[in-house]
Amino acid sequence: MPRPHSHVLLVLADATLRRSLLKGLGAAAKQLDNPCGLSFHGVASAAEALGIARDDGDLQSVLIDSLGDAQGDAPWQGEDLVQALHGLRPELDLYVLVDSARDEETVGALTREAIDGFFMRDEADPRGWFRILQAEIQEKSRTPFFDALREYVLMAKDAWHTPGHSSGDSLRGSPWSAEFHEFLGENMLRADLSVSVDMLDSLLDPKGVIAQAQEMAARAFGAQRTFFATNGTSTANKVIFQTLLAPGDKLLLDRNCHKSVHHGVVLSGARPVYLDSSMNRTYGLFGPVPKKTLFAAIEAHPDAKALILTSCTYDGLRYDLPPIIAAAHAKGIKVIIDEAWYAHARFHPAFRPTAMEAGADYATQSTHKVLSALSQASMIHVNDPAFDAHLFRENFNMHTSTSPQYGIIASLDVGRQQAVMEGYKLLQRTLELAAELREAIDATNVFQALTLTDLLPAEVQDDGIQLDPTKITVDVSRSGFTVDEFQQVLFERFNIQVEKSTFNTVTLLLTIGTTRSKVSRLHDALLRLAREAKAPRRLVKAPEIAGFTSLRYLPRDAFYCEGELLPLLDDDEHANAALDGRVCADQIVPYPPGIPALVPGQVITREIVQFLLSLMRSHKRTDLHGVVHDGYTPCIRVMTQAEERSHRAL
């Protein structure tokens, strides 16, 4: 296994003292146990320190002279450098060298949020300092739950409890199922345990190693509280909705939110105010809700309990969150940000501010999407000053399995550890690979990596929207391939699977697991396909999603009706006029892109029916979640007219 490297930087203008301290610390690193691989380097200026923090992904700790350097060519103050380093890389351990108790109090009052400790300059103890620095790095890198899980598995206890495979014993040696045991691996199966194991704590009521792991995650991601979710951000969103919203409470939400948000509306009984997203019609991509729309909705609905937005979007577009959150908070509206695609943002300044840093009350993140966690591994981050822990826990337990997968919990623990210890370095590499790949794609002169300007819909050009560069949208329209053909040839000839597509683009997702070898193979495939390019063909656009009509009943009331099925087509194979004006009882979601064409309680129009039929006849495969097939006839469940009369309209 590779050994870790932990660089420690001493920022001290006094050259004589700097050399003396570095000599003593270096000697301690050689003479004492050094499992974290500590090594020490020194600089004399703040500019040098900031440069190293930007360039050195193995930097873990910085010792800063509180006196700074008021006499040098580039004068600096210790507290200013502390704040600059914390702003650049909040995961760094920062220590201040002080001369007296008074200095300690002064510096502590100015920077207590960022400082991890103090050392006295006139009581230099390199060996003692080394032990403290190493202990803090070891604490930061600790994985309490994963360590306990591994320890238990190595105990090799006999299992007289669930699950039934009994640590894999039911599969090992089976003439029918041994391949599954071999494929998953022994440790994976032995770590699939029952909640009966007390030393592994309880996700439903954590007091031990899970509680410790969640506390460490909260510090890492900049939250007051963090909760692990083992059924993805879909469940995380629903938990927050049921915590904040009672039946009839008003909610502002982007229509482009993930379908779990719309399911959360049904479960909570909330009254939604749907906000239409911007749309890039050139590429069939949905963008953020325009700022003017958001500000207008906040002003028009000051009685709303919450606002939820997705940042960043599937295509990498992220809101300018601080002014939006400030406007919502001015009206007493809680802000929830779905950061499913943005869990990595805390660990590199190119992606910040995160939702928590921008002032959001809640953020949900799919840790598995771009960090090293297993599928379904997500986190809920909380900074709500009025957080009701009991109510949240009741709702969390309502959605959480009493038999959670311990491997998923362990992966959240390890994913946090890796993000804190080497996330900056890995994300820096990912950004470099993304820049190289964009340049290589454009150099084919056939394929084009779309820029922020290309992606932004016209109505949000001046909204301060930023792009996550690790999500690359590629225009394939000049290649002569349809998107389906392009994806098929990448998969079958070059063993490459892309993230998603529109009628003329594909999206590539780079993560901390992206390697230069993968980039090279993709580049080679694109070069070969560019040489095979045919004359560009007219690509048929998918029909544009119909605009939102109106909500006649609460989504929950409509959803829980028995309803009736009405066909989308009449006897002449035309859009069924009988649907016009009826109220939908289900969520009808074309996927992709995943934006509901209808939600429960919404009035159906002929335009919406025609849109759904156009999708069904489109050359590009689209799943229509919520459409019911009665034999071969596609139908929509609607409220009966009697049910409409028996419910109160909005």
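Before moving on, here are some points about what is shown:
- Over the chain, volume per residue of the alpha carbon convex hull, in Å³: 201 Å³
- Mean residue ellipticity (222 nm) of the chain, computed from DSSP H runs ≥ 4 via -39,500 (n - 2.57), nearest 500: -12000 deg cm²/dmol
- Taking amide H atoms as placed 1.01 Å from N in the peptide plane, the amide H of A229 lies under 5 Å from those of S378, M379, I380, each 5 or more residues away in sequence or on another chain.
- Subset of K140/K207; K291/K425; K334/K369 violating a 30 Å alpha-carbon distance limit: K291/K425
- Here the simple spin-label model places points 7 Å from the Cα toward Cβ, and for Q224 and R127 these points are separated by 4.5 nm.
- Expressed as a whole percent, the accessible area of the chain that falls on carbon and sulfur atoms is 50 (1.4 Å probe).
- Pairwise label distance in nanometres, R150 with F494, each label 7 Å out on the Cα-Cβ vector: 3.8 nm
- Over the chain, relative contact order from alpha-carbon pairs under 8 Å, at least 6 apart, %: 11 percent
- Full-extension gain in nm, M616 to S550, via 0.36 nm per residue minus C-alpha separation: 21.4 nm
- Computed from label points 7 Å out along Cα-Cβ, the spacing between A389 and T16 is 5.3 nm.
- Packing order of peptides 305-317, 624-636, highest average first: 305-317, 624-636 (average count of other Cβ atoms within 10 Å over each peptide's residues).
- Mean accessible surface per residue for the range 562-614, computed with a 1.4 Å probe while every protein chain stays in place, in Å²: 37 Å²
- For the range 94-235, the solvent-accessible area with a 1.4 angstrom probe is 55 square angstrom per residue.
The values are calculated or read from the model by the stated rules, or taken from the named source; none is laboratory data. Keep in mind that this is a model prediction, so the values were computed, not measured. For neighbour counting, all protein chains shown are included, and Cβ atoms are generated from backbone atoms with ideal geometry for every residue, glycine included. Heavy atoms of the whole protein, side chains included, go into the accessibility calculation; ligands, DNA and RNA do not. Shrake-Rupley method; radii C 1.70, N 1.55, O 1.52, S 1.80 Å.
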